[in-house]
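The values are calculated or read from the model by the stated rules, or taken from the named source; none is laboratory data. Just so it is clear, the structure is predicted and the values come from calculations on it, not from any experiment. Cβ: placed from backbone, ideal geometry, glycine included. Neighbour counts: every protein chain shown. Please note that ligands, DNA and RNA were not included when accessible areas were found on the heavy atoms of the full protein model with its side chains. Shrake-Rupley method; radii C 1.70, N 1.55, O 1.52, S 1.80 Å.
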Amino acid sequence: MVVAGAGGHALEVLDLFLGIGKFASLYFFDEINAQVPDIYGKYRVIHHTEELQRIFSLDPEFSLGVGSPFVRERLFGIFCAYGGKYFPLRSLSSNVHCTVQGDFDALSYSNVGRESKIGLGALINVRAVLHDHCILGEFVEVGPGAILMENVQVGEYSRIGAGAVILPGIHLGRQVTIGAGAVVTKNVSDKCTVKGIPAKN
């Protein structure tokens, strides 16, 4: 298993894997900072994409250990091109209803309600809550403790800050950024950033 990333979010992913106790061999990937040492002196950090093909020939699974939507998508593409197969993360403490559709990450104590549809590579962070019938686009990032009420729709590559609340039926466009702690009471257009209570541009 290769984890895309070697920073703070990647360490959360490592903790999740250690809790599951499933993976004997874990590698981390950081192509930007060649000075990043092996994690805890035990888990090797790879710095060159050429090494991925060799590792994936033995174990093709990878997970995403970064939060930024566009970085997640870029690394997803690179890893797939080298023969990797995405492994969606599910913390043992997460609650993802059996009717939920999609391949995405659900971290510790997160909750995804009935008949929600979650796009490829989306990240539902620690203690985030999605109520029933939510729809998220690809590579959306839902921050820690954020709450999406029933029937919320979020366009691809959007970022919802920690502790934000999106009221029922709200539609967020593509590449939207919601500030931490914001309360969103109106629809938000593509590529807009809103913050505050109620959230405004």
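Per-structure values
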item: Top-ranked residue of the stretch 27-41 - restricted to ones that are among the charged types (D, E, K, R) and touching a strand residue (DSSP E or B) at 6+ places or on another chain (Cβ under 8 Å), ranked as nearest to residue 8 (Cα to Cα); result: 30
item: Pair list, Cβ under 6 Å, 6 or more apart: the stretch 69-81 residue aromatic (Phe, Trp, Tyr), other residue open to solvent by less than 10 Å² (accessible area, probe 1.4 Å); result: 76/121; 79/62
item: Of all residues making up the stretch 113-150, the number that are of a type in the set (A, V, I, L, M), in contact with a Lys or Arg (Cβ under 9 Å, 6 or more places away or on another chain) and buried (at least 24 other Cβ atoms within 10 Å of the Cβ); result: 6
item: Residue, most open to solvent (accessible area, probe 1.4 Å), within the stretch 182-201, restricted to residues that are over 22 Å from the mean Cα position of the chain (by Cα) and within 20 Å of residue 145 (Cβ to Cβ); result: 197
item: All positions within the stretch 1-37 that are of a type in the set (Ser, Thr, Tyr) and modelled with pLDDT under 90; result: 25
item: Whichever residue in the stretch 151-160 is free of Cβ contacts under 8 Å to residues at least 60 places away in the same chain and crowded, with 19+ Cβ neighbours inside 10 Å and, among such residues, is farthest from residue 73 (Cα to Cα); result: 152
